[in-house]
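Reading through the structure tokens given below for one structure.
The values are calculated or read from the model by the stated rules, or taken from the named source; none is laboratory data. Treat the numbers as computed from the prediction; the structure is a model and nothing was measured. Neighbour counts run over all protein chains shown; Cβ positions are idealised from the backbone, glycine included. The accessibility values were calculated without ligands, DNA or RNA, using every heavy atom of the protein model including side chains. Shrake-Rupley method; radii C 1.70, N 1.55, O 1.52, S 1.80 Å.
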Amino acid sequence: MASNRKILLLPGDGIGPEVTRQAARVLEYFDKRRIASFEVKEDLVGGAAIDKHGTPLSDAAMKAALEADAILLGAVGGPKWDNLPFAQKPERGLLRLRKDMQLFANLRPAFVFAALADASTLKREVVEGLDMIIVRELTGGVYFGEPRGITNLPDGSRKGINTQVYTTDEIVRVARVGFELARKRGKRVCSVEKANVMEAGVLWREEVTKLHAAEYSDVQLSHMYADNCAMQLVRNPKQFDVIVTDNLFGDILSDCAAMLTGSLGMLPSASLGATDRNGRRKALYEPVHGSAPDITGKNLANPLASILSLAMMLRYSFDMDNEAKLVEQAVAKALAGGARTGDIAQAGASRISTSEMGDRVLGELQKLA
Ligand code: IPM
Ligand code: MG
């Protein structure tokens, strides 16, 4: 019988394969214990795909992605491919996946594990207990807006253009994801734009306000300009429950929020499409961190963001909330037990490798089960 949990692994570049391997071990664990069976395939994305196929995402890999129930991606990009023309860069592979699968809602939680409150660059009291989530619009805005490009001007100088564009539908569908999430959490949504300088921001604010009044008045809605939001994130991040924002602001603010937790190496994400008639949705899960070329291949990277991305997959794609919680608890226990990769270790504290961190999490899973 074909598995109804088809997973495509796209480890990608840099530390991607190392961290994805540790997340795959967690899947294998559930499989072996017969808790759930998964059909796991693997393909190339990013620079790895460029080296093999001359393109950052082959049509075969795109097809496999569309057939999968969920994708776990590692990271894309690296210095080797930095000088390629824009349209051939590794990042285009990831952007094509997001666009062609219409993964419009990107969930980026920022959660501070108790054991790591001191790993943040901010004071313990500012970040301790932080539990917020950014919902970033992922298939519109300036990332994809037309016109775009670089043109030559008559005087010999050049012009670079990108366009910020949003339609009602694009705003409403992502805002809806934010409100729905808030209902299951702290019931507060903060919508973020630059309505003071951008028409797309004015529209954003108006549409979110309308949707709120029509369907979500049980949720508390506030609005904030993106620059202020950046400031509030480092001043008092615990004021936020759910932030809903556009593609570019979400990119920037989520890096900022990630760092509150101590390390970019800790943060998972989920990119979700619309729910179809059967209640299923296309989904891609990936760590927020990048390919980290400086530590690639050294077994030093922190695999927890990938493992936590897998937990999000269990929760959002496979309705396995209990197993997702188990994985999250195993991570928390491993951290409480002192397991630290270099990125989250205090000066002088001992550090473990990528695979040892995987061992620790699996060990805790076994104890919990
Ligand atoms: C992210 C990354 C990507 C983005 C890059 C790799 C294209 O920064 O997922 O946040 O800008 O969206
Ligand atoms: Mg980013």
What strands (runs of 3 or more DSSP E) completely inside the stretch 148-239 contain at least 3 residues that are within 25 Å of Gly129 (Cβ to Cβ), open to solvent by less than 60 Å² (accessible area, probe 1.4 Å) and touching a strand residue (DSSP E or B) at 6+ places or on another chain (Cβ under 7 Å)?
-> 188-193, 220-225
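What residue, of Lys298, Lys282, is open to solvent by 50 Å² or more (accessible area, probe 1.4 Å), out of contact with any Leu (no Cβ under 8 Å at 6 or more places or on another chain) and not aliphatic (A, V, I, L, M)?
Lys298
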Residue count, the stretch 117-165 (criterion: within 16 Å of ligand 1 (Cβ to nearest atom) and charged (D, E, K, R)) = 3
Name the residues in the stretch 240-280 that are assigned to a loop (DSSP other than H, G, I, E, B) and either out of contact with any strand residue (DSSP E or B) (no Cβ under 9 Å at 6 or more places or on another chain) or not polar (S, T, N, Q) (or both), would you?
-> Phe240, Asp241, Asp246, Gly262, Ser263, Leu267, Pro268, Asp276, Arg277, Asn278, Gly279, Arg280
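Got a sec? Which of Thr163, Thr151, Thr167 is of a type in the set (Ser, Thr, Tyr) and closer than 27 Å to Gln220 by Cβ?
Residue meeting the stated conditions: Thr167.
For residues that are charged (D, E, K, R) and open to solvent by 80 Å² or more (accessible area, probe 1.4 Å), scanning just the stretch 79-90, find the one that is nearest to the chain's Cα centre (by Cα). Before the answer, list the steps.
Within the stretch 79-90, the subset charged (D, E, K, R) is 80, 82, 89.
Next, only the ones that are open to solvent by 80 Å² or more (accessible area, probe 1.4 Å) stay: 80, 82.
Values: Lys80: 24, Asp82: 22 Å.
This residue is Asp82.
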Output for Cβ contacts, cut-off 8 Å, separation at least six or different chains, first residue touching a residue at least 40 places away in the same chain (Cβ under 8 Å) and closer than 8 Å to Gly14 by Cβ in the stretch 288-299, second away from ligand 2 (no atom under 16 Å from the Cβ) and open to solvent by 60 Å² or more (accessible area, probe 1.4 Å), reads Pro293/Pro79
Per the filter on the stretch 47-76, residues of a type outside the set (A, V, I, L, M, F, W, C) and crowded, with 23+ Cβ neighbours inside 10 Å are Gly47, Pro56, Gly74
Count of the stretch 240-279 residues which are among the aliphatic types (A, V, I, L, M), away from ligand 2 (no atom under 16 Å from the Cβ) and surrounded by fewer than 19 Cβ atoms within 10 Å (Cβ to Cβ) = 1
Identify the residue in the stretch 11-26 that is assigned to a helix (DSSP H, G or I) and in contact with a helix residue (DSSP H, G or I) (Cβ under 7 Å, 6 or more places away or on another chain) and, among all such residues, is surrounded by the most Cβ atoms within 10 Å (Cβ to Cβ).
-> Val19
Can you confirm whether the stretch 137-147 contains a residue that is open to solvent by 70 Å² or more (accessible area, probe 1.4 Å), assigned to a loop (DSSP other than H, G, I, E, B) and either within 16 Å of ligand 2 (Cβ to nearest atom) or touching a Ser or Thr at 6+ places or on another chain (Cβ under 9 Å) (or both)?
-> yes
So which of Ala110, Ala68, Ala105 is within 19 Å of Thr20 (Cβ to Cβ) and in contact with a strand residue (DSSP E or B) (Cβ under 7 Å, 6 or more places away or on another chain)?
-> Ala68
Test Leu326 against the stated conditions and say whether it is in contact (Cβ under 8 Å) with a residue 40 or more places away in the chain, part of a helix (DSSP H, G or I) and crowded, with 18+ Cβ neighbours inside 10 Å.
-> yes
